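So the structure is just underneath, and the comments pick up after that.
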Amino acid sequence: MHATALIAEDEALLAAEMRAQLARVWPELDIVATVGHGAAAVEAALRLRPQILFLDIRMPGMTGLEVAQAIAEDWPDDCAAPLIVFATAYDQYALQAFDHAAVDYLLKPIDATRLAQTCARVQAALAAQREAPAGAAPPWEDALGQLRSLLATPGLSGSVAAAPERLQVIQAGVGNAIHLVSVDDVAYFEAADKYVRVVTDTREHLIRVALRDLLPQLDPQRFWQIHRGTVVRADAIAVAERDESGKLTLTLRGRPERLAVSRLYAHRFKAM
Amino acid sequence: MTPVETDRWHYLRHAAVVATFSAVIALGLGIAKGGDWIQQLVYAEAIGLSIWACTDFGRLLFKLDPETHWPTGWRMIAMQTGAVIVGYVIGTWIGDQYCGCSTFEVWRHSARTFAGYLVLCIATTVAISFFFLSRGRDQRRLRQIATAQRDASEAQLKLLESQLEPHMLFNTLANLRVLIGIDPPRAQAMLDQLIAFLRATLSGSQQPFHALSAEFARLSDYLQLMQVRMGDRLQTRLALPRDLADLPVPPLVLQPLVENAIKHGLEPHVGGGRIEISAERSGTHVVLRVRDTGAGLAAGASAAGTRFGLEQVRRRLQTIYGAAATLDLRPAGGSEGGTDAIVTLPA
């Protein structure tokens with residue numbers, strides 16, 4: 001069966017070996033790209049849209065899981081969701097989480113028999129995708145469910161395992177002054193490279209912390225993640241609206257801008 | 001925790017010990033003074049066991065030391081004095097009932113004889129109490145030693161686990177497996193480095209010191225293993241002045257610092273970077289430095305992961321050198337950024 005795949009693996013020898021092993025067990029598989037870090041994987045996957053992604057869990061820049069999240073959020077609607085196979089040498093959290101979420105994974109060093117099994121499973125899934133009548137079932141739902149369950153696993157998504165103290169006040173440096181912003185006043189947080197933008201109704205601050213480190217300190221009942229880079233205070237949301245293409249957008253009470261909800265988090269917004 | 005002092009049987013054991021002591025005293029008195037041997041025994045047992053009962057149950061009225069299960073300080077003395085007086089009166093009364101005479105008559109006839117009994121009685125009580133108390137202390141000490149030993153072996157296991165980091169080990173083996181197929185001589189070289197690294201890690205805790213040159217050789221093995229995996233993303237520079245080659249240092253003391261530099265500095269850094277390990281003499285001290293040009297401390301790397309390694313190094317330095325050795329972690333100066341870990345040892 002012909003198919004296209006991408007390999008994301010930061011160790012060059014291991015990436016080359018995976019190509020060679022795949023060539024033996026699945027000669028018709030076309031490896032469209034081999035990349036060495038997370039950001040390159042996201043970029044190449046969205047550009048080339050391969051059917052299968054082999055993602056190493058520990059990579060520089062982004063983890064394999066963050067790559068999967070970014071791809072799931074930005075993947076175009078008109079194209080079937082990619083099948084994802086994770087690879088790891090040893091991660092105490094990963095294996096349980098993968099088993100629990102029924103996600104396929106490979107253990108390094110990769111065993112040829114195991115790789116053949118994985119390929120057979122992927123081929124079966126591709127065949128099912130092809131035979132399914134167009135629009136019969138939402139193609140993403142299974143994959144999104146798996147990904148949500150993986151992202152909820154402490155220690156796996158690269159964030160702190162257990163939530164420490166809940167943050168009450170944000171301390172933002174402005175010039176020589178420190179501005180104190182109560183989390184009750186925050187409309188939303190937005191990731192901006194290595195910083196997070198803290199947006200209130202009247203102004204905004206930059207704090208030097210990664211969103212993934214900030215997230216465990218926020219009360220998940222009050223602060224909802226709606227995108228890998230956006231966390232909104234639920235009380236600040238006025239309306240959630242779906243446009244004709246199915247995209248979900250939020251209107252806020254105290255801010256003029258509208259915020260996009262990614263397909264990974266759209267399930268939160270349902271009429272009661 | 002051994003339940004010795006907390007179970008119900010210890011009362012019986014205490015009573016048995018007291019009864020034996022009392023029998024010995026009765027025997028001694030019988031031999032020394034003659035007289036009715038059985039009567040001596042009844043008095044001795046009655047007084048002994050009465051004082052024991054007042055002591056062993058009386059102590060429950062006080063706040064007990066959780067370790068020894070005895071009162072502390074003045075409470076112990078007060079409890080013991082009270083127990084001797086009450087126990088002596090009760091025991092004597094029981095003895096008097098048995099032989100149908102009155103000991104307090106003795107007091108009237110010969111105050112010295114009576115005082116002799118009393119002193120004997122007090123001395124015995126103090127001796128037996130001291131016996132139980134010191135036994136309690138011994139047991140506490142044994143428990144403390146056992147706990148300390150368990151803590152030490154747990155720490156050692158954790159250290160070993162952190163040095164033989166499974167993720168590193170399996171990734172190295174995966175690389176080795178590939179090299180065996182495509183480049184056997186390089187695979188052999190890598191295997192030799194892995195063997196040297198494993199041997200050093202496993203035997204490192206057995207010898208207190210090795211030469212700084214040996215330390216550098218082990219770090220070099222480790223870095224070359226990492227270099228096979230990371231390729232161009234890892235550059236290394238090791239600088240050891242010849243006059244410091246024989247300086248004794250604790251084995252693998254720098255290893256956790258180099259691991260942190262890789263794991264939190266270079267691995268998450270897309271562009272990789274350089275690790276520099278150097279040693280230099282500075283006055284009466286030697287400065288060992290592990291520097292990386294990676295992600296830097298601010299990038300969330302100062303989180304829990306790095307702390308265990310640093311804590312290990314700090315604790316080892318503290319045990320061996322006391323306050324004379326230090327470990328500092330700070331952002332590296334210069335345009336390349338990264339982190340500087342500095343160990344200062346007395347030369």
Where in the range A:1-37 are there GluC sites (Glu not before Pro) that are in a DSSP coil and have at most 10 other Cβ atoms within 10 angstrom of their Cβ?
-> A:E28
How would you order B:50-62, A:70-82, A:243-255 from highest to lowest mean count of nearby Cβ atoms within 10 Å?
-> B:50-62, A:70-82, A:243-255
Give, as a single signed number, the net charge of other residues whose beta carbon lies under 14 Å from the beta carbon of B:W93, with Lys and Arg counted +1 and Asp and Glu -1.
-> -3
May I ask you to derive the FRET efficiency for A:E141 and A:A116 from their Cβ-Cβ distance with R0 = 30 Å, giving the value to the nearest 0.05?
-> 0.60
Rank A:A128, A:A210, A:A236 by mean-square fluctuation in a GNM of chain A with C-alpha springs under 10 angstrom and give only the top-ranked residue.
-> A:A128
Computed ³J(HN,Hα) along the range A:97-108: with the Karplus parameters 6.51/-1.76/1.60, θ = phi - 60°, integer Hz and x for glycine or proline, the list is 4, 5, 4, 4, 8, 6, 9, 7, 8, 10, 9, 8
Counting only DSSP beta bridges fully inside chain B, the antiparallel percentage to nearest 5 is 80 percent
For helix A:64-74, report the angle its Cα long axis makes with the longest principal axis of the Cα atoms of chain A; keep it between 0 and 90° and round to the nearest 10°.
-> 70 degrees
Length-normalised contact order of chain A in % [C-alpha pairs under 8 Å, at least 6 apart] | 12 percent
Count the net charge of all other residues whose Cβ sits under 15 Å from the Cβ of A:H267, scoring Lys and Arg as +1 and Asp and Glu as -1.
-> +3
Spin-label point model (7 Å from Cα, Cβ direction): what's the B:R13 to B:A347 distance in nm?
-> 5.9 nm
How much of the DSSP beta bridge set in the protein assembly as shown is antiparallel, as a percent to the nearest 5?
-> 70 percent
Could I have the simple spin-label model distance between A:A20 and B:A127, label points 7 Å from Cα toward Cβ, reported in nm to one decimal?
-> 8.4 nm
Nearest 0.05, what FRET efficiency do A:R130 and B:H167 give at R0 = 30 Å with Cβ-Cβ as r?
-> 0.20
Rounded to whole Hz and in sequence order, give me ³J(HN,Hα) for the range B:271-286 from the Karplus expression 6.51 cos²θ - 1.76 cosθ + 1.60, θ = phi - 60°, writing x for Gly and Pro.
-> x, x, x, 10, 10, 10, 10, 9, 9, 8, 8, 9, x, 8, 10, 10
Given only helices, namely DSSP H runs of n ≥ 4 each adding -39500 (n - 2.57), what is the per-residue ellipticity at 222 nm of chain A, to the nearest 500 deg cm²/dmol?
-> -9000 deg cm²/dmol
When Rg is the radius of gyration of the Cα atoms in the range B:90-168 and Rh is its Kirkwood radius, what does Rg/Rh come to?
-> 1.58
For chain B, what is the mean residue ellipticity at 222 nm derived from helices alone (per DSSP H run of n ≥ 4: -39500 (n - 2.57); sum divided by total residues; nearest 500 deg cm²/dmol)?
-> -21500 deg cm²/dmol
How big is the charge dipole of the protein assembly as shown about its Cα centre, in debye rounded to the nearest 20, if each Lys and Arg gets +1 on its Cβ and each Asp and Glu gets -1 on its Cβ?
-> 1480 debye
If r is the Cβ-Cβ distance from A:S149 to B:S134 and R0 is 45 Å, what FRET efficiency results, to the nearest 0.05?
-> 0.15
Considering Cα pairs under 8 angstrom that are at least six residues apart, work out the relative contact order of the range B:198-290 and quote it in whole percent.
-> 33 percent
Measuring from its Cα centre, chain A shows a charge dipole (+1 at each Lys and Arg Cβ, -1 at each Asp and Glu Cβ) which, in debye to the nearest 20, is 320 debye
Return, ordered by residue number, the residues of the range A:189-214 whose backbone nitrogen is under 17 Å from a label point located 7 Å along Cα→Cβ of A:L46.
-> A:191-194
Between B:D328 and B:S213, how many nm apart are label points set 7 Å from Cα along the C-beta direction?
-> 3.0 nm
Could you tell me which of rounded, prolate or oblate describes the protein assembly as shown, using a ≥ b ≥ c as the square roots of the eigenvalues of the alpha-carbon gyration tensor, with rounded for a/c under 1.5 and, failing that, prolate when a/b is larger than b/c and oblate otherwise?
-> prolate
Length-normalised contact order for chain B - Cα pairs under 8 Å, 6+ apart - percent = 10 percent
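Every number in this text was worked out from the coordinates using simple rules, so none of it is lab data. For clarity, every value in this text was computed on a predicted model and none was experimentally measured. Glycine also receives a Cβ, built like all others from the backbone with ideal geometry; neighbour counts cover every protein chain displayed.
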